[in-house]
Amino acid sequence: MKLISWNVNGLRAVVAKDGFAWLENFGADFVCLQEIKVKDADVPNQMYKLGFADISVNSGERAGYSGVMSLSKIDMHTQKSVFFDDNEGRVLEHRFGNVVLFNIYFPNGQKDDERLEYKMKFYENFLKYINELTASGKDVIFCGDVNTAHKEIDLKNPKANSKTSGFLPIEREWIDRVIQSGFIDTFRYINGDKSDAYSWWSYRFNARAKNVGWRIDYFFISASLKEHLKDAFILPDIMGSDHCPVGIEIEI
């Protein structure tokens with residue numbers, strides 16, 4: 001299976017740019033989109049012409065904000081968040097076979113201390129939930145915009161951003177705990193210490209052209225799936241958003 005995750009930062013804008021044309025020949029089996037910023041009823045018709053049998057949407061209550069969407073070629077059971085009061089449209093949980101796959105737009109904590117606290121509570125509730133799933137024998141995959149760079153290698157200017165939400169010690173320590181719980185950062189597992197590999201760039205200062213970016217979009221898998229992982233990659237040449245797609249190839 002080939003799985004893709006992409007924060008599109010506005011679904012309609014990407015569709016208007018024909019930003020999903022690359023999917024036609026890519027062979028993706030599952031596509032997880034974040035920050036779609038549309039209600040279910042406003043999803044562009046073009047999304048239903050991409051060859052995916054199952055399309056799920058979780059829109060936030062606030063118009064033009066957040067929201068996640070999953071496109072799949074396999075049969076599955078889908079539900080919204082059961083670990084957090086998700087009125088912002090951040091979570092889709094999919095189950096097929098023994099696998100539980102999460103498409104998540106994790107909160108951003110940069111606005112103020114209250115939003116950082118919200119982000120950390122979301123983090124804690126989610127980690128508790130997936131630990132319970134793996135303890136029950138489930139294979140877990142989660143992907144999306146995690147909104148935190150883990151190590152210094154995961155952003156261009158770590159020292160300048162050491163006090164910025166998205167690279168705070170408390171946020172980075174949470175990813176440490178995810179890994180200590182047995183989950184695998186698939187990109188690092190496959191690519192080691194590859195540098196200058198980013199998934200988000202500011203729209204300011206020509207950052208993308210200069211590759212001044214952050215790796216904040218991830219695929220994590222439970223240890224039970226490690227031997228099934230075949231590849232993990234970033235697609236920086238795919239345009240249309242301030243993020244680019246990331247993906248994995250895995251035998252399930």
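Would you be able to say whether some residue in the stretch 221-244 is part of a helix (DSSP H, G or I), within 30 Å of K17 (Cβ to Cβ) and either in contact with a helix residue (DSSP H, G or I) (Cβ under 8 Å, 6 or more places away or on another chain) or of a type outside the set (A, V, I, L, M, F, W, C) (or both)? No; the residues of the stretch 221-244 include none that is part of a helix (DSSP H, G or I), within 30 Å of K17 (Cβ to Cβ) and either in contact with a helix residue (DSSP H, G or I) (Cβ under 8 Å, 6 or more places away or on another chain) or of a type outside the set (A, V, I, L, M, F, W, C) (or both). Applying the condition of being more than 29 Å from K121 (Cα to Cα) and assigned to a strand (DSSP E or B) to the stretch 50-97 and asking which residue is modelled with the highest pLDDT yields S72. For the stretch 134-173, filtered to residues that are without any contact (Cβ under 8 Å) to a residue 12 or more places away in the chain and of a type in the set (A, V, I, L, M, F, W, C), the residue that is nearest to F220 (Cα to Cα) is A135. Of all residues in the stretch 21-33, those satisfying the criterion of being surrounded by 17 or more Cβ atoms within 10 Å (Cβ to Cβ) and touching a residue at least 60 places away in the same chain (Cβ under 8 Å) are A28, F30, C32, L33. Would you check which residues across the stretch 98-137 are at pLDDT 95 or above, surrounded by fewer than 17 Cβ atoms within 10 Å (Cβ to Cβ), part of a loop (DSSP other than H, G, I, E, B) and at negative phi and list them? Result: N98, S136. Would you please name the residue that is surrounded by the most Cβ atoms within 10 Å (Cβ to Cβ), looking only at residues in the stretch 198-252 that are on the phi > 0 side of the Ramachandran plot and touching a residue at least 24 places away in the same chain (Cβ under 8 Å)? Here the residue is G240.
Suppose we filter N125, N131 for residues that are over 18 Å from the mean Cα position of the chain (by Cα) and without any contact (Cβ under 8 Å) to a residue 60 or more places away in the chain; which single one remains? Within the list N125, N131, the selection yields N131. Cβ-Cβ contacts under 7 Å between residues 6 or more apart (or on different chains), taken from a first residue in the stretch 38-49 that is part of a helix (DSSP H, G or I) to a second residue that is surrounded by 14 or more Cβ atoms within 10 Å (Cβ to Cβ) and among the basic types (K, R), are absent. Only residues that are open to solvent by 70 Å² or more (accessible area, probe 1.4 Å), of a type in the set (A, V, I, L, M, F, W, C) and in contact with a Leu (Cβ under 9 Å, 6 or more places away or on another chain) were counted across the stretch 138-183, and they come to 1. Applying the condition of being under 20 Å from G19 (Cβ atoms), of a type in the set (A, V, I, L, M, F, W, C) and over 16 Å from the mean Cα position of the chain (by Cα) to the stretch 41-88 and asking which residue is surrounded by the most Cβ atoms within 10 Å (Cβ to Cβ) yields M47.
The values are calculated or read from the model by the stated rules, or taken from the named source; none is laboratory data. This is a predicted model, so every value here is computed, not measured. A quick note on method: Cβ atoms are made from the backbone with ideal geometry, for glycine too, and the neighbour counts reach across all protein chains shown. Side chains included, ligands, DNA and RNA excluded: accessible areas come from the protein's heavy atoms. Shrake-Rupley method; radii C 1.70, N 1.55, O 1.52, S 1.80 Å.
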